[in-house]
Amino acid sequence: MDILTGLNEKADYSSKQLQAIMAAWVITSPFVGEPKMSVENGDIDEEDYSKQSIYSLLYSIYRSMGVVKSDKGISYEQVFNTWGYDWPEDWDKGTAEDDDPQRFGKNAYAGHFQWPLVKDYVSERDGKVHVVEMGCGTGAGAHHICKNVLPKCTFECVDMQQAAIHTCDRKFVPELGGRLKATRADCTELPIDDASTDFVIVNETHVTEIPGQATDEDRRFFGSAFRILKPGGYLLWANAIPDNTWEPCFEVIKDLGFELTEVRDVTQLAVDARDIDADRVNAYVQQCLDKFYGFRIPLLGRKKRLEAEAGLKNFIRHPGSNLYENMTNGTDTYKLVIAHKPA
Ligand SMILES: C[S@@+](CC[C@H](N)C(=O)[O-])C[C@H]1O[C@@H](n2cnc3c(N)ncnc32)[C@H](O)[C@@H]1O
């Protein structure tokens, strides 16, 4: 059983299925050769995992964990799948409380609407704008925007992962009285009309990951964003990706017809967020690992638990992980970008 490639984005695994999947991963480990994830820093080669599998596992785990306690004893359900960043001092007051366990994810979403150009666009329409998010995860960010940032907007959030869309339909859609819709789709083939949205948000969506190049998937992904934007609308994009991938992606965006309007580097604030968040992440990861009986299998269980711990922490860019180091040494940079579709 290979949890890194063998799971399906159209599935939503139950707690019982997850127990069986993790136990099978542990039991079959002696027959599959060297671990793919480094137990030192969680590093994994791009070709050793598929995003379809890994996010399917993560969203099913988050759902199956349900409400947990943070390191400070605050109850919450893990729904942001985002590293985020600490709120810049030169912006207006943020929308998340200082003790909110998921405030850095909320910052990343609220941050899209701090640009003066974007604020003007929203106020000219009395806040009645339509937003599409490509790669929304559970829709936690969409919910935060609808509730605390743009209380008059309508929002469609899209992700390829069924487990994440189920969480959105359960936890966020009912509360928003028809303003939020969650759709499962691959965003390179979006089932959304041309020229129908004011903003497209791309927030830590797992594209543009390959160093030094924009892939065919990246082109199709941004092509969808351009197609569904109204003339005059904005692409709002934030992520930590290889520093040498930004330029090839900017070229793709400009070739599509976008004007690149603003770029801000917040890498240091993203590193700060991971440092501040470290105790909460440690607490969450331990609670996750404790839940799976497979990790209690003598000898094999302990080895695979260490691998899973390193992998999970790398995914969250936790201090000491490979992806955290990449942000501190400049290999990866976290940027906020706006691109304008000319009117
Ligand atoms: C790191 S998570 C971020 C999720 C969410 N934006 C958040 O901040 O919590 C990356 C997400 O990108 C989604 N994704 C990657 N490529 C996609 C595609 N082509 N179509 C739809 N979703 C995609 C994954 O399924 C995953 O949910």
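Derivation of every value follows stated rules applied to the coordinates shown; laboratory data play no part. A quick note: this is a predicted structure, and the numbers were derived from the prediction, not measured. Cβ atoms come from the backbone with ideal geometry, glycine included; neighbour counts cover every protein chain shown.
General observations
- Of the residues VAL200, VAL122, VAL132, the one that moves most in a GNM of the chain with alpha-carbon contacts below 10 Å is VAL122.
- Counting only the Cα atoms, the chain fills a convex hull of 124 Å³ per residue.
- Near ARG264, once Lys and Arg are set to +1 and Asp and Glu to -1 for all other residues with Cβ below 11 Å from its Cβ, the sum equals -2.
- Placing +1 on each Lys and Arg Cβ and -1 on each Asp and Glu Cβ, with no other charges, gives the stretch 254-343 a dipole about its Cα centre of roughly 560 debye.
- Coordinate range of the alpha-carbon atoms in the stretch 109-160 per principal axis, descending: 33, 18, 17 Å.
- Cβ-Cβ FRET estimate between TRP91 and GLU259, R0 fixed at 35 Å, reported to 0.05: 0.90
- Net charge of Cβ neighbours under 13 Å - reference ASP159; Lys, Arg +1; Asp, Glu -1: -3
- Principal axis box of the stretch 48-90, alpha-carbon based, largest edge first, Å: 39, 28, 14
- Between GLY233 and LYS341, the built amide H atoms are under 5 Å apart, and every one of these is 5 or more places off in sequence or on another chain.
- Under the Debye formula (equal points on every Cα, no solvent term), log10 I(q)/I(0) of the stretch 195-343 at q = 0.10, 0.19 Å⁻¹: -0.46, -1.06
- Between ASN8 and HIS206, the FRET efficiency from the beta-carbon distance, with R0 = 22 Å, is close to 0.85.
- Within the stretch 1-146: Cβ-based charge dipole about Cα centre, in debye rounded to nearest 20 (Lys, Arg +1; Asp, Glu -1): 700
- Here the Debye sum runs over all C-alpha atoms of the stretch 134-201 as equal scatterers in vacuum, and log10 of I(q)/I(0) at q = 0.15, 0.17 Å⁻¹ comes out as -0.42, -0.54.
- Qualifying lysines (Cα of each under 19 Å from Cα of LYS152; at least 8 residues distant if same chain): LYS106, LYS119, LYS128, LYS181, LYS230
- Each residue of the stretch 90-98 was assigned a 3J(HN,Hα) from its phi angle through the Karplus expression (A = 6.51, B = -1.76, C = 1.60, θ = phi - 60°), giving 7, 9, 4, 3, x, 10, 10, 6, 4 Hz with x at Gly and Pro.
- Where only alpha carbons of the stretch 261-343 are counted, the Rg and the Dmax (Å): 17.4, 64
- In sequence order, calculated HN-Hα J values of the stretch 328-336 (Karplus, 6.51, -1.76, 1.60; Hz; x Gly/Pro): 6, 9, x, 4, 10, 10, 9, 10, 10
- Cα gyration tensor shape for the stretch 173-280, rounded if a/c is under 1.5, else prolate or oblate: oblate
- FRET efficiency for ASP272 and ASP193, using Cβ-Cβ distance with R0 set to 45 Å, rounded to 0.05: 0.65
- Look at the dipole of the chain built from charges on Cβ: of THR183, THR197, PRO116, the Cα furthest out on the positive end belongs to THR183.
- With coordinates expressed along the principal axes, the C-alpha atoms belonging to the stretch 164-217 extend over 43, 26, 17 Å, beginning with the largest.
- Cα lying deepest toward the dipole's positive end in the chain, options LEU150, GLN213, LEU300, charges on Cβ: LEU300
- The stretch 110-181 and the stretch 221-286 have Cα centres spaced 17 Å apart.
- Taking other residues whose beta carbon is less than 15 angstrom from the beta carbon of PHE172, and scoring Lys, Arg as +1 and Asp, Glu as -1, yields +2.
- Computed from phi, the 3J(HN,Hα) profile of the stretch 188-200 under the Karplus parametrisation 6.51, -1.76, 1.60 (θ = phi - 60°) reads 6, 9, 6, x, 9, 5, 4, 6, 10, 10, 7, 10, 10 Hz, with x in place of Gly and Pro.
- The stretch 160-296, dipole about Cα centre (Lys/Arg Cβ +1, Asp/Glu Cβ -1), debye to the nearest 20: 700
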